[in-house]
Amino acid sequence: MEIKTRSGICVSVRGSSPSSVLFFDKPVRAVELTSEESLQVGSLLIRGVKAESDTKEKISSGRVVTICGSMKFLEEMKEAKKILEKKGYMVKVPPLIDPATLKANSEDEKDFLRIKHEMMRRHMENIRTSDAILVMNLSKGKRHNYIGVNTLLEIGAAFENGKSIFILNEPPKEMEEIWALKPNIVRGIKNLSTCF
């Protein structure tokens with residue numbers, strides 16, 4: 001359900017109690033609600049709202065997409081982000097830092113793993129609060145359409161949380177686990193603007 005406030009901001013509630021999330025159609029720090037609007041939003045949070053089941057409609061309505069993939073594809077992630085933002089999507093990306101740079105600037109291995117853990121935790125939260133993920137699977141060395149362990153974890157998190165899964169290129173045929181999830185295959189970055 002969506003409530004349009006007298007200030008012109010649309011507030012919607014997604015998820016179900018106790019994990020309901022408020023979404024706003026504009027960036028806001030605070031929203032002034034009338035007593036009636038407060039009661040409506042509060043009622044939705046207490047009752048819970050079932051997640052929308054038609055993921056095609058959900059993603060085509062222009063919500064939130066999280067980009068996933070190997071950090072070797074940083075430039076391609078930036079390009080995909082620009083394309084999707086031009087189409088009106090809010091796009092979340094992993095921390096755009098090369099792991100080798102991160103490791104070189106860490107005090108030691110323990111510090112590196114602590115930072116990596118926090119980065120992974122935040123990115124999983126991005127996935128949980130998105131409508132869909134876009135997996136950037138390009139060639140990495142001799143591996144075509146590469147999907148690494150971390151990206152596989154991200155795909156699993158999206159599946160577990162009922163998110164639409166878009167994959168830039170066909171995953172390797174031997175990755176049956178991914179094919180079983182029935183992802184939407186984009187077929188290259190040039191098709192991003194038509195698939196979303």
Margin query: 5 Å is the cut-off here: which amide hydrogens, built 1.01 Å from N in the peptide plane, fall below it relative to V135, excluding neighbours closer than 5 in sequence?
Written below: C68, F166, I167, L168
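Could you pull out the trypsin sites (Lys or Arg not before Pro) across region 113-185 that fall in loop regions by DSSP (anything but H, G, I, E, B) with no more than 12 other Cβ atoms inside 10 Å? Could you put the intermediate results ahead of the total?
Values: sites: R114, K116, R121, R122, R128, K140, K142, R143, K163, K173; in loops: K142, K163, K173.
Here the trypsin sites (Lys or Arg not before Pro) that fit, given the DSSP loop and packing criteria, are K142, K173.
How much length, in nm to one decimal, is gained on full extension between E125 and E176, taken as 0.36 nm per residue of separation minus their Cα-Cα distance? Before the final figure, lay out the partial values.
Values: separation 51, 0.36 × 51 = 18.36 nm, distance 2.56 nm.
In short, 15.8 nm is gained.
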Next item on the list: Calculate the radius of gyration of the Cα atoms of region 101-160 to one decimal place, then report Dmax, the largest Cα-Cα distance, as a whole number, both in Å.
Entry: 13.7, 37
Check: Looking only at region 120-146, which residues have a backbone nitrogen under 16 Å from a spot 7 Å from the Cα of A100 in the C-beta direction?
Finding: 140-142
Checklist line | Phi-based couplings in Hz for region 113-121 (Karplus 6.51, -1.76, 1.60; Gly and Pro marked x) | finding: 5, 5, 5, 4, 4, 5, 4, 5, 4
Next item on the list: Give a residue-ordered list of calculated ³J(HN,Hα) values for region 72-79 (Karplus: 6.51 cos²θ - 1.76 cosθ + 1.60, θ = phi - 60°; whole Hz; x for Gly, Pro).
Entry: 5, 9, 4, 5, 5, 4, 4, 5
Next item on the list: List, largest first, the extents of the alpha carbons of region 55-195 along their principal axes, each in whole Å.
Entry: 46, 31, 28
Margin query: Using a Förster radius of 30 Å, what is the FRET efficiency between R143 and E107 based on their Cβ-Cβ separation? Nearest 0.05, please.
Written below: 0.40
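Coordinate-derived values only; no laboratory data. Just so it is clear, the structure is predicted and the values come from calculations on it, not from any experiment. Here the Cβ is made from the backbone with ideal geometry for all residues, glycine too, and neighbour counts use every protein chain on show.
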